[in-house]
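The values are calculated or read from the model by the stated rules, or taken from the named source; none is laboratory data. As the structure is a prediction and not an experimental result, all values here were calculated from the model. Backbone-built Cβ (ideal geometry, glycine too); neighbour counts: all protein chains shown.
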Amino acid sequence: MSVLIVTEQRGGQWHKMSWEAVAAGQQIAKLLEIEAFAAVVGSGVESLGGEVAKYKLTEVILCNHELLADYTPDGFSLALRQAIEHLKPEIVIFPHTYQVRDFAPKLAASFGKPFLSDVVGVTREDAALIFVRQLFQGKLNADVSVEGEAPFFVSVQSGAFRGDSAESASAPAAVRGIDVTLEASQIRTRPQKPFRESKGEVDLSSAPIIVSVGRGIKEAENIAMAEELARLLGGEIAASRPICDNGWLPLERQIGSSGQTVSPKLYLALGISGAIQHVVGMKGSRTVVAVNKDESAPIFEIADYGIVGDLFDVVPALVEALKESSGD
Ligand code: FAD
């Protein structure tokens, strides 16, 4: 019995969610007391396999073929199908990336299985695994179990498992290539240049302090107050999605599942409710301070310090106190 963790790389560059999938796969392997394997798909991926082998895994499987040099849904699903037939894992774990969304349903369907996407947690009940998926924009959590014959196909939501919690091995895992049989005629699409997001001017992922504003800020002009607080703290300003959707701050300052993932020493959440899509982007912060006038706002569940109050009272008071202490 085993778990197969599918990693993702493009042109030799790792997708950082690969390590989140490794962490999730290791957790499942522990829960079920079974072995964890990882797969690397591509062309000439031997050295990448060696990088994965530093994690606590039974073995790293290489699906190596020149026709896998560029991503195609046909090529990747056919290659992984062969790896799955070879290894016969109970569960196949993917990071929930755009690429996985593209080919994993096809791969699962080729086995006649459903694809359990965007999982945020997993527990064990007797012999069964219970996966947690979110519904209605994170307002409800659903416990989902799978029935029938393995393999089961599961992807994990960005930020739900911490990549840096993936366990390293005391000695590197074995790396083994499998024979992948692929014909050019089986690949029906011709890859074009990969889509690149425009490079943002700010890299919030390395900011030690972030002051983040949500819909509680009410008007675009009120953001100046939070920006001043960020400046006095030596931090960066960021926001929840509605603020960026409104164009009040640039998209590159959005935190969350469709924005940046950050882990500053201090994350100050002002008027942010704490929807899961926001929380997955900031829950790795060392200390979270939340200001919200609703004492039952979900953000307080992950806050280290919570102020139940009106941000229009709290922020000016903080600005005043910081100015006084710095003589600004
Ligand atoms: P609200 O949920 O409206 O919360 C505002 C909060 O401010 C409330 O809790 C309220 O009590 C408080 N408040 C109001 N006035 C005051 C005051 N004067 N003082 C103090 N508190 C006050 N969201 C993201 O943030 N990032 C993402 O990347 C993201 N991606 C998404 C992807 C998808 C596919 C989907 C479906 C949604 C995504 N969302 C994302 C949206 C997310 O679900 C929430 O809608 C959003 O995070 C809510 O933003 P908010 O907390 O600012 O607003």
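Among the residues making up the stretch 118-138, a single one is surrounded by fewer than 18 Cβ atoms within 10 Å (Cβ to Cβ), in a loop (DSSP other than H, G, I, E, B) and either in contact (Cβ under 8 Å) with a residue 40 or more places away in the chain or touching a Pro at 6+ places or on another chain (Cβ under 7 Å) (or both): 137.
Can you give me the number of residues within the stretch 241-275 that are within 12 Å of residue 210 (Cα to Cα), buried (at least 22 other Cβ atoms within 10 Å of the Cβ) and either more than 9 Å from the ligand (Cβ to nearest atom) or small (Gly, Ala, Ser) (or both)? So the answer is 6. Restricting 300, 312 to residues that are among the aromatic types (Phe, Trp, Tyr), in contact (Cβ under 8 Å) with a residue 12 or more places away in the chain and more than 9 Å from the ligand (Cβ to nearest atom) narrows the list to 300. For the stretch 283-318, give me each residue that is farther than 21 Å from residue 232 by Cα and β-branched (Val, Ile, Thr). Hits for the stretch 283-318 are 299, 302, 308. If I ask for residues that are surrounded by 12 or more Cβ atoms within 10 Å (Cβ to Cβ) and over 23 Å from residue 74 (Cα atoms), which ones from the stretch 170-182 would you list? Across the stretch 170-182, the qualifying residues are 172, 173, 174, 175. Checking the stretch 212-220 against the condition returns a match, with at least one residue being in contact (Cβ under 8 Å) with a residue 24 or more places away in the chain, touching a strand residue (DSSP E or B) at 6+ places or on another chain (Cβ under 6 Å), within 29 Å of residue 327 (Cα to Cα) and more than 8 Å from the ligand (Cβ to nearest atom). Restricting 185, 165 to those that are under 16 Å from the mean Cα position of the chain (by Cα), among the hydroxyl-bearing types (Ser, Thr, Tyr) and surrounded by fewer than 18 Cβ atoms within 10 Å (Cβ to Cβ) reduces the list to 165.
Is it true that residue 115 is within 21 Å of residue 18 (Cβ to Cβ), touching a residue at least 24 places away in the same chain (Cβ under 8 Å) and surrounded by 11 or more Cβ atoms within 10 Å (Cβ to Cβ)? The answer is yes for residue 115. Here 92, 60, 22, 40 are screened, and the one residue that is among the aliphatic types (A, V, I, L, M), touching a Cys at 6+ places or on another chain (Cβ under 9 Å) and modelled with pLDDT of 95 or more is 40. Applying the criterion of being assigned to a strand (DSSP E or B) and of a type in the set (Phe, Trp, Tyr) to the residues of the stretch 139-162, the residue that is nearest to the chain's Cα centre (by Cα) is 153. Only residues that are of a type outside the set (S, T, N, Q), over 20 Å from residue 261 (Cβ atoms) and modelled with pLDDT of 95 or more were counted across the stretch 187-233, and they come to 19.
Within the stretch 41-88, the residues that satisfy the criterion of being assigned to a strand (DSSP E or B) and either free of Cβ contacts under 8 Å to residues at least 60 places away in the same chain or among the aromatic types (Phe, Trp, Tyr) (or both) are 41, 42, 55. Within this structure, residue 202 fails the test of being touching a strand residue (DSSP E or B) at 6+ places or on another chain (Cβ under 6 Å) and either away from the ligand (no atom under 14 Å from the Cβ) or not in a helix (DSSP H, G or I) (or both). Residues that are hydrophobic (A, V, I, L, M, F, W, C) and under 18 Å from residue 82 (Cα atoms) were ranked within the stretch 40-54; the one that is surrounded by the most Cβ atoms within 10 Å (Cβ to Cβ) is 40. The set of residues from the stretch 224-243 being farther than 17 Å from residue 318 by Cβ and small (Gly, Ala, Ser) comprises 239, 240. Of all residues in the stretch 19-39, those satisfying the criterion of being surrounded by fewer than 24 Cβ atoms within 10 Å (Cβ to Cβ), in a helix (DSSP H, G or I) and touching a helix residue (DSSP H, G or I) at 6+ places or on another chain (Cβ under 8 Å) are 19, 23. Picking from residues in the stretch 280-295 that are over 14 Å from residue 309 (Cβ atoms) and in a loop (DSSP other than H, G, I, E, B), the one that is nearest to the ligand (Cβ to nearest atom) is 283.
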